[in-house]
Amino acid sequence: MSSPIKHFLNTQDWSVAELNATLDEAEAFKRSKLGKQLEGRSIALLFFNPSMRTRTSFELGAWQLGGKAIVLQPGKDAWPVEFDFGTVMDGEAEEHIAEVARVLSRYVDMIGVRAFPKFVDWSVDRQDKVLNGFAKYATVPVINMETITHPCQELAHAMALRERFGKDLRGRKYVLTWTYHPKALNTAVANSALTIATRLGMDVTLLCPTPDYVLDERYMDWAEQNVAESGGALTVSHDIESAYKDADVVYAKSWGALPYFGNWADEKPIRDQYKHFIVDSTKMALTRNGVFSHCLPLRRNIKATDEVMDSPACIAIDEAENRLHVQKAVMSALMRAQHGL
């Protein structure tokens, strides 16, 4: 009987040892970018939503390791796909995931999927149907390029922190702070930051304006499980000053309040009250010479000020670069697992 296929859907599915080994390999790729780990291999990158850093880094990463990336945009340069079962397909979708995933698996060695929530019904979006549909039917490894979590960003972030603080991040005070944005955004990066920070043993504070902005219980439960295993800590705070005090890391992200999911016109007046959550030099002065980062793209002087973004404390560009290196390491690890190497 064949072994289950190893995917990269969430970091929670990989052991800490596997994550650290992947980060170690990413650091090696940063020192020497070219290799043959993917020679003769290919990956289909399916973008249901736009991308700049993700597409560039995956395409380039596959090429640097001797592989080939095929970019597809379902609904644009590829047929629209249906993900529900038992559906009479008399709408826009021309193909079902059951066929798409299996056919692509005959062509390529890996499949990457980027598909954002629909932002109408969180009970539907949290099922992650697109990603899980590919994982169910593909016979090759599937990589999450951002859906309702963003594990590639997690690893790039962790790598940037290791570069600044060393490999052992246990006990570092880590603040995941909500910030204002004119639009209600996906919780994916916040879910992922919470997951990886607690997994690596940091003392994590989730700073958000009100209880309505606390993240989904699935990811809060993961965080609680992680701190129990890693020796870290998890605190939810609505007080800016105490959250920032003595922080080693400040990680900013905007997201919409889940109780208002799909009713964003009602949520916006609430969100508009908290523009002062912007990351500025006054807040950063409360930290213990802490670093600041963000997944990008970032609206300057909305999420963080120019002064913070242009300061030596900002490691967002390092994190963005590291997307290339960690994704090469993930692809290499998956190919080794798939082929028993």
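The values are calculated or read from the model by the stated rules, or taken from the named source; none is laboratory data. Computed from a predicted model, the values in this text were never measured in an experiment. Backbone-built Cβ (ideal geometry, glycine too); neighbour counts: all protein chains shown.
Considering Lys6, Lys33, the condition of being of a type in the set (Lys, Arg) and within 26 Å of Lys136 (Cβ to Cβ) is satisfied by Lys6 alone.
So that you can scan it fast, the table gives a plain yes or no per residue for (1) at pLDDT 95 or above; (2) of a type in the set (S, T, N, Q); (3) farther than 27 Å from Phe116 by Cα:
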{"position": "Phe8", "(1), (2), (3)": "yes, no, no"}
{"position": "Thr22", "(1), (2), (3)": "yes, yes, no"}
{"position": "Ala26", "(1), (2), (3)": "yes, no, no"}
{"position": "Ser32", "(1), (2), (3)": "yes, yes, yes"}
{"position": "Gly35", "(1), (2), (3)": "yes, no, yes"}
{"position": "Glu39", "(1), (2), (3)": "yes, no, yes"}
{"position": "Ser42", "(1), (2), (3)": "yes, yes, no"}
{"position": "Arg55", "(1), (2), (3)": "yes, no, no"}
{"position": "Leu60", "(1), (2), (3)": "yes, no, no"}
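Can you tell me which of (1) under 12 Å from Phe47 (Cα atoms); (2) in contact with a Pro (Cβ under 9 Å, 6 or more places away or on another chain) is the one Gly75 doesn't meet? Condition (2) is where Gly75 drops out.
Report those strands (runs of 3 or more DSSP E) wholly inside the stretch 204-300 carrying at least 3 residues which are buried (at least 18 other Cβ atoms within 10 Å of the Cβ) and within 17 Å of the chain's Cα centre (by Cα). Walk me through it before giving the result.
Working: elements: 233-237, 249-253, 291-293.
Counting at least 3 such residues, we get 249-253.
Of all residue pairs spaced 6 or more apart or on separate chains, those with beta-carbon atoms under 7 Å, a first member in the stretch 27-56 that is under 16 Å from Asp109 (Cβ atoms) and in contact (Cβ under 8 Å) with a residue 60 or more places away in the chain and a second member that is part of a loop (DSSP other than H, G, I, E, B) and β-branched (Val, Ile, Thr) are Ser42/Val108; Ile43/Val108; Ala44/Val108. Here's a check for you: in the stretch 59-93, which residue that is more than 24 Å from the chain's Cα centre (by Cα) and closer than 26 Å to Lys328 by Cα is surrounded by the most Cβ atoms within 10 Å (Cβ to Cβ)? In this case the residue turns out to be Ala78. Scanning the stretch 18-35 for any residue that is crowded, with 16+ Cβ neighbours inside 10 Å, in contact with a Lys or Arg (Cβ under 6 Å, 6 or more places away or on another chain) and of a type outside the set (A, V, I, L, M) turns up at least one such residue.
Only one entry of Leu19, Leu46 meets the criterion of being in a helix (DSSP H, G or I) and either in contact with a strand residue (DSSP E or B) (Cβ under 6 Å, 6 or more places away or on another chain) or in the same structural domain as Leu131 (by TED's automatic domain parsing) (or both), and that entry is Leu19.
Taking Val130 as the residue in question, decide whether it is at pLDDT 95 or above, crowded, with 20+ Cβ neighbours inside 10 Å, over 29 Å from Leu296 (Cβ atoms) and not assigned by TED's automatic domain parsing to the domain that holds Met220.
Values: at pLDDT 95 or above: yes; crowded, with 20+ Cβ neighbours inside 10 Å: yes; over 29 Å from Leu296 (Cβ atoms): no; not assigned by TED's automatic domain parsing to the domain that holds Met220: yes.
No; evaluated as a whole, the condition is false for this residue.
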